[in-house]
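The values are calculated or read from the model by the stated rules, or taken from the named source; none is laboratory data. Since the model is a prediction, treat every value here as computed from it, not as a measurement. Cβ coordinates were reconstructed from backbone atoms using ideal geometry, including for glycine residues, and neighbour counts include every protein chain displayed.
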Amino acid sequence: MWRIFTKEKGEIMSIDIEDLKVQGVKINYYYICKRKLWLFSKGITMEQNSSRVESGKIVHENSYKRMKSKEVLVDDILKLDIIQGDYIREVKISSKMQEADEMQLYYYLYYLKKVFGIEKKGTINYVKEKKQDELILTSDIEEKIEKTLIDIKYICKQLYPPKLEKLPYCTKCAYYEFCFAKEEI
Ligand code: SF4
């Protein structure tokens with residue numbers, strides 16, 4: 001059991017990482033749409049129907065071929081795309097979902113630090129914008145990740161998904177038909 005002590009409202013509380021750890025993709029979905037997170041947590045996956053996911057895979061394969069590295073799976077929950085020296089590197093098509101992408105990578109950095117004692121930095125390359133962001137884990141970000149993990153556990157435990165709310169990117173989401181089927185009849 002990995003127990004980590006963190007500050008919550010000025011008080012020290014303990015976080016059981018073993019109990020709260022999740023796949024990195026759930027952190028990503030949490031910051032995109034909590035309903036999407038819930039659907040995914042119940043095993044409802046529709047990503048195979050999404051052209052966005054398909055183009056993401058192509059970018060992923062082409063970029064990583066050039067970098068000559070291979071994916072590393074840690075504890076079946078972290079998928080580290082590129083490890084280069086002090087850095088964990090990710091490649092994304094665009095920065096439209098920047099917060100979600102960043103929080104997923106921060107979670108990887110957090111997990112490596114807390115569980116394995118390995119301290120790394122992160123970079124995200126955004127192909128469309130041709131820009132690179134550097135990510136450094138701070139204590140504020142660690143706290144944000146811990147709150148996120150607690151909230152994810154709460155959301156995934158619920159019997160019903162969070163209320164449907166139309167978001168600007170719903171039409172691009174793999175769950176669009178699932179969420180809005182009635183509206184199209
Ligand atoms: S279609 Fe919209 S509401 Fe439904 S899961 Fe996707 S982002 Fe969330």
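Within the range 139-170, count every residue that is among the polar types (S, T, N, Q) and either more than 28 Å from Ser94 (Cβ to Cβ) or near the ligand (Cβ under 8 Å from one of its atoms) (or both).
Going through the range 139-170 one residue at a time, the tally reaches 2.
From the residues in the range 114-140 that are within 22 Å of Asp75 (Cα to Cα) and assigned to a helix (DSSP H, G or I), which one is farthest from the chain's Cα centre (by Cα)?
Filtering first and then ranking leaves Phe116.
Which residue out of Ser63, Ser55 is modelled with pLDDT under 85, exposed (fewer than 14 other Cβ atoms within 10 Å of the Cβ) and either in a helix (DSSP H, G or I) or within 16 Å of the ligand (Cβ to nearest atom) (or both)?
Going through Ser63, Ser55 in turn, the sole match is Ser55.
Check Ile88, Ile118 and return the single one that is among the β-branched types (Val, Ile, Thr) and within 15 Å of Gly24 (Cβ to Cβ).
Testing whether each residue is among the β-branched types (Val, Ile, Thr) and within 15 Å of Gly24 (Cβ to Cβ) leaves just Ile88.
Could you list, in sequence order, all residues of the range 141-159 that are more than 17 Å from the chain's Cα centre (by Cα) and in contact (Cβ under 8 Å) with a residue 60 or more places away in the chain?
Gln158
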